[in-house]
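Beneath this line is the structure, given in structure tokens, with notes to follow.
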Amino acid sequence: MGELFLPIRHFAEWVNEIPSSVAIRESQYFSPYLTVSHVVVMAFVAGLVLMMDLRLLGVANMRTPFSELQRRLFPWQMFGMTLAGITGLVLAFADPMRFYGNIFFWLKMLMLVLAALNAMAFHYLTYFTVSSWDSGPTTPFGAKLSGAISVVLWALVIVSGRLIPYNWFV
């Protein structure tokens, strides 16, 4: 099984020695600001996602049609995801060996992939019927399920992300 991940390890070792990777990692100011930026942007994205998920669950924003809420929040979510992706990639570039062997990093990546699949499933299986339930008092089960799964996955993204510095499974 270890041989399967050997190419990833070799790539991480190679990136670890790139001068710009070393410079970012050893920077007294850039590295901490980068980490803080990533955490703030992830909180921003998670907050926006939570607002939509609570609407799907029928808990909040019930006076606003879901399509209007999505129209307003989705561009900000994509902007935030872009910033989170950039800051996350730079963090991983700066210290790839720290992330390569970190179970919490890989759990975070898995939860992000599952959250993306959940969002795609919602969009392609449930959202196309939004006109029939958009302003109504009830939200279909599929939309509620997607919202609940999203809340759980994003909570796990945040928790696993916060546990990355405290990897005790080395």
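Only one entry of Val22, Val15 meets the criterion of being under 23 Å from Leu112 (Cβ atoms) and part of a helix (DSSP H, G or I), and that entry is Val15.
Residue-wise test of (1) touching a Lys or Arg at 6+ places or on another chain (Cβ under 9 Å); (2) farther than 20 Å from Lys144 by Cα; (3) of a type outside the set (A, V, I, L, M, F, W, C).
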{"site": "Pro7", "(1), (2), (3)": "no, yes, yes"}
{"site": "Phe30", "(1), (2), (3)": "no, yes, no"}
{"site": "Ser37", "(1), (2), (3)": "no, yes, yes"}
{"site": "Ala46", "(1), (2), (3)": "no, no, no"}
{"site": "Thr64", "(1), (2), (3)": "yes, no, yes"}
{"site": "Arg71", "(1), (2), (3)": "no, no, yes"}
{"site": "Pro75", "(1), (2), (3)": "no, yes, yes"}
{"site": "Gly85", "(1), (2), (3)": "no, yes, yes"}
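Take the conditions (1) more than 29 Å from Arg9 (Cβ to Cβ); (2) assigned to a helix (DSSP H, G or I); (3) touching a residue at least 60 places away in the same chain (Cβ under 8 Å); (4) not aliphatic (A, V, I, L, M); Gly161 misses just one of them, which is (1).
State which residue is farthest from Thr138 (Cα to Cα) when the search covers only segment 25-45 and only residues that are among the aromatic types (Phe, Trp, Tyr) and assigned to a helix (DSSP H, G or I). This residue is Phe30. Among all residue pairs at least 6 apart or on different chains, which show Cβ distances below 7 Å where the first residue, located in segment 33-53, is crowded, with 16+ Cβ neighbours inside 10 Å and the second is hydroxyl-bearing (Ser, Thr, Tyr) and at pLDDT 95 or above? These pairs meet every condition: Leu34/Thr87; Ser37/Thr87; His38/Thr87; Val41/Thr87; Val49/Ser150; Asp53/Ser150. When Asp134 is tested against the conditions (1) acidic (Asp, Glu); (2) in contact with a Phe, Trp or Tyr (Cβ under 6 Å, 6 or more places away or on another chain); (3) closer than 21 Å to Ile24 by Cβ, the lone failure is (3).
Per the listing Thr126, Thr87, the residue uniquely among the β-branched types (Val, Ile, Thr) and either out of contact with any helix residue (DSSP H, G or I) (no Cβ under 6 Å at 6 or more places or on another chain) or modelled with pLDDT under 90 (or both) is Thr126. For segment 91-126, filtering for residues that are farther than 17 Å from Thr35 by Cβ, aromatic (Phe, Trp, Tyr) and either surrounded by fewer than 18 Cβ atoms within 10 Å (Cβ to Cβ) or out of contact with any Phe, Trp or Tyr (no Cβ under 9 Å at 6 or more places or on another chain) (or both) leaves 3. Within segment 74-86, being crowded, with 17+ Cβ neighbours inside 10 Å and touching a Leu at 6+ places or on another chain (Cβ under 6 Å) holds for one residue alone: Gln77. If you check Leu83, Leu48, Leu91, Leu56, which single one turns out to be part of a helix (DSSP H, G or I) and more than 16 Å from the chain's Cα centre (by Cα)? Result of the check over Leu83, Leu48, Leu91, Leu56: Leu56. Selection within segment 139-170: residues that are within 20 Å of Arg71 (Cα to Cα) and among the β-branched types (Val, Ile, Thr). The member of this set that is surrounded by the fewest Cβ atoms within 10 Å (Cβ to Cβ) is Val151. Close Cβ contacts (under 7 Å, 6 or more residues apart or on different chains) running from residues in segment 1-12 that are closer than 12 Å to Phe99 by Cβ to residues that are in a helix (DSSP H, G or I) and modelled with pLDDT of 85 or more comprise Ile8/Tyr100; Arg9/Tyr100; Ala12/Pro96; Ala12/Met97; Ala12/Tyr100.
The values are calculated or read from the model by the stated rules, or taken from the named source; none is laboratory data. None of the values given here were measured: they were computed from a predicted structure. Here Cβ is always computed from backbone atoms with ideal geometry, including for glycine, and neighbour counts include all displayed protein chains.
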